[in-house]
Amino acid sequence: MKQIRINLVKLLKGYASGWVGISSDFKSVLVSGKNLKEAREKARKIKKKVYFFPAGESYGNFVGKI
Amino acid sequence: MTIKYSPLPDIKSRVVLAPLIPVTFINGQYEFPTLALVDSGATGAIISTIIAEDLHINWREIPTNLGFSVGANLRSHRFNNLYAEISNNKFQLTVGIIEGIAPYKCILGQADIFQRAKITFQGFKKQFEIIFREFN
């Protein structure tokens, strides 16, 4: 069975802000930009799918916690 | 398909684990691949206005609804003609475009992904399993 692992702690390390483009195997950041538009522009040359996600956020309230 | 809960950076060097799934949102010719939270407690899908704008959805022209969540009241704009593609499974969904939320906020819930797939959360293994239903 196919298994997917996405470790955003590792992937986003070193990116303090902006947006990143993550490879389709979720092992590396292929592009980054100070905003989504810039990251999009850089990713245009890449043939494979790039997943976009913002960097430098505190994601705790994504899932909710106390 | 099994997906490990994703470690996410949090404040004060804490790490939170979240059931995230790779998804591509499609609005006509525009596509936005990202990672969405699979939330069994969410009524339906939501996206941020930043994601909506990247998908060329003119959310300001969609009438505003008032809603609420655990943390706050919110202003949302309902968009019915979005598609989502997950691991070669494509389906139409309605999303709430929420004003003022963090740009990464993107959630799939009961009205969409839970109608299309059997999803088993295995917190003890820090993973979830998703099996899409087959439609003729």
Amide H to amide H under 5 Å from B:V16: which residues, 5+ apart in sequence or cross-chain, H placed 1.01 Å off N in plane? B:L8, B:D10
Calculate I(q)/I(0) for chain B by the Debye formula, one identical point scatterer on each C-alpha and no solvent, and give its log10 at q = 0.10, 0.12 Å⁻¹ to two decimals. -0.33, -0.48
Cut-off is 10 Å between beta-carbons; in what order do B:L20, B:L74, A:L11 appear when sorted fewest neighbours first? B:L74, A:L11, B:L20
Looking at the stretch B:44-136, which GluC sites (Glu not before Pro) are DSSP coil and have at most 15 other C-beta atoms within 10 Å of their C-beta? B:E99, B:E134
Could you give me the percent of Cα pairs per 10 Å distance bin for the protein assembly as shown, shortest bin first, beginning at zero and ending with the bin that holds the maximum distance? 8, 36, 40, 15, 1
Under 5 Å between amide H atoms, partner at least 5 residues away or on a different chain: which partners does B:A111 have, H built in plane at 1.01 Å? B:G44, B:A45
Tell me which residues come under 5 Å, amide H to amide H, from A:N35 once H is placed; ignore anything under 5 positions away on its chain. A:W19
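What trypsin sites (Lys or Arg not before Pro) does the stretch B:1-104 have in DSSP loop regions with at most 16 other beta carbons within 10 Å?
Details: sites: B:K4, B:K12, B:R14, B:R60, B:R75, B:R78, B:K90; in loops: B:R14.
Taking the stretch B:1-104 and a limit of 16 other Cβ atoms within 10 Å, the loop trypsin sites (Lys or Arg not before Pro) found are B:R14.
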Within the under-15-Å Cβ sphere about B:A45, not counting B:A45, Lys/Arg +1 and Asp/Glu -1 give a net charge of +1
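Quick one: grab the alpha carbon gyration tensor of the stretch A:8-57, order the square roots of its eigenvalues as a ≥ b ≥ c, and give me rounded if a/c is under 1.5, else prolate or oblate depending on whether a/b is larger than b/c.
Numbers: a/c = 2.42, a/b = 1.18, b/c = 2.06.
Because a/c hits 1.5 or more and a/b fails to exceed b/c, the stretch A:8-57 counts as oblate.
Quick check on the protein assembly as shown: helices-only [θ] at 222 nm, where DSSP H runs of length 4 and up contribute -39,500 (n - 2.57) each and the sum goes over total residues. Nearest 500, please. Write out the running numbers ahead of the final one.
Details: 5 runs with 27 residues, N = 202.
Mean residue ellipticity, 222 nm, calculated: -3000 deg cm²/dmol.
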Net charge around B:G109, counting only other residues with Cβ within less than 12 Å of its Cβ (Lys, Arg = +1; Asp, Glu = -1)? -1
If you find the alpha carbon centre of the stretch A:1-39 and of the stretch B:41-92, how far apart are they in angstrom? 22 Å
Charge context of B:G96, other residues only, Cβ under 14 angstrom, K/R +1, D/E -1: 0
Just need the relative contact order of chain B here, percent rounded to a whole number, with Cα pairs under 8 Å and 6+ apart. 28 percent
Which whole-Hz couplings ³J(HN,Hα) result when phi for each residue of the stretch A:25-30 is put into the Karplus expression 6.51 cos²θ - 1.76 cosθ + 1.60, θ = phi - 60°, listed in order with x for Gly and Pro? 8, 6, 9, 8, 8, 8
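Quick note: the coordinates plus some simple rules give every number you see, no bench work behind them. Quantities reported herein were computed from a predicted structural model and do not represent experimental measurements. Positions of Cβ are generated from backbone atoms using ideal geometry, with glycine treated the same way; all protein chains shown enter the neighbour counts.
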